[in-house]
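The values are calculated or read from the model by the stated rules, or taken from the named source; none is laboratory data. Treat the numbers as computed from the prediction; the structure is a model and nothing was measured. FYI the Cβ positions are ideal-geometry reconstructions off the backbone, even for glycines, and counts take in every protein chain you see. Each accessible area value is taken on the protein alone, full model and side chains, heavy atoms only, with ligands, DNA and RNA left out. Shrake-Rupley method; radii C 1.70, N 1.55, O 1.52, S 1.80 Å.
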Amino acid sequence: MSKLSDPRRAPRSAWGRFLAGFTYAFRGLWYALRTQRNFRVHTGVALLVIIAASLLHLSPIEFALVAVAIGSVLISELVNTSIELCLDLLHPEYHPLVRAAKDVAAGAVLLSALLAVAIGVCVFGPHLWSWWLTLRR
Ligand SMILES: Nc1ncnc2c1ncn2[C@@H]1O[C@H](COP(=O)(O)OP(=O)(O)OP(=O)(O)O)[C@@H](O)[C@H]1O
């Protein structure tokens with residue numbers, strides 16, 4: 001990339017740099033949505049969970065817990081993707097340390113997904129149970 005086309009070199013005001021930061025962040029989210037199947041799946045599940053949370057009229061605290069669960073999964077997925085991209089760029093060939101680094105990053109995603117499931121069971125469980133009891137009456 002030539003220096004002229006490198007956006008980091010474009011002269012900008014502080015406000016312009018601040019706004020550009022948002023553009024880069026949304027570009028990152030769009031990149032993950034376009035290229036990462038797991039991120040798309042997790043985003044779809046998150047939307048379904050938000051719809052279910054609205055239908056079941058969760059309390060503000062319950063909604064906050066669900067938001068933390070969703071956020072932790074999506075954020076860990078994004079960090080995992082970023083780590084994978086860096087490693088693929090720096091060392092595309094097989095290396096045991098690359099394997100360990102990618103496996104650890106994948107482990108972080110797994111842990112956050114398990115945390116989300118635990119929060120989901122604790123928050124949605126009682127609501128679904130009372131909904132089920134109402135249906136049976
Ligand atoms: N360069 C490498 N050297 C050693 N092992 C690697 C290397 N690249 C990938 N691996 C191993 O393969 C696994 C999958 O890696 P990969 O980069 O395909 O991730 P992925 O989770 O399938 O990502 P995605 O589906 O998002 O592309 C890693 O967890 C790691 O164990």
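Please verify whether region 113-130 includes one or more residues that are over 29 Å from Tyr24 (Cβ atoms), among the aromatic types (Phe, Trp, Tyr) and at pLDDT below 95. The answer is yes, given that some residue of region 113-130 is over 29 Å from Tyr24 (Cβ atoms), among the aromatic types (Phe, Trp, Tyr) and at pLDDT below 95. Just so you know, in region 88-137 the residues that are part of a helix (DSSP H, G or I) and acidic (Asp, Glu) include one that is nearest to Ile61 (Cα to Cα), and it is Asp103. On the given criteria, is Val41 modelled with pLDDT of 95 or more and in contact with a Gly (Cβ under 8 Å, 6 or more places away or on another chain)? Judged against the criteria, Val41 is not a match. Contact map, region 7-36: first residue within 16 Å of the ligand (Cβ to nearest atom), second residue small (Gly, Ala, Ser), Cβ cut-off under 9 Å, separation 6 or more or different chains; pairs are Gly28/Ser82; Ala32/Ser82. Of all residues in region 64-74, one or more are open to solvent by 60 Å² or more (accessible area, probe 1.4 Å) and away from the ligand (no atom under 11 Å from the Cβ). Reported count of residues in region 80-99, each being more than 8 Å from the ligand (Cβ to nearest atom), open to solvent by less than 90 Å² (accessible area, probe 1.4 Å) and either more than 22 Å from Thr43 (Cα to Cα) or in contact with a helix residue (DSSP H, G or I) (Cβ under 7 Å, 6 or more places away or on another chain) (or both), is 2.
Counting the residues of region 83-119 that are in contact (Cβ under 8 Å) with a residue 40 or more places away in the chain and over 15 Å from Asn38 (Cβ atoms) gives 2.
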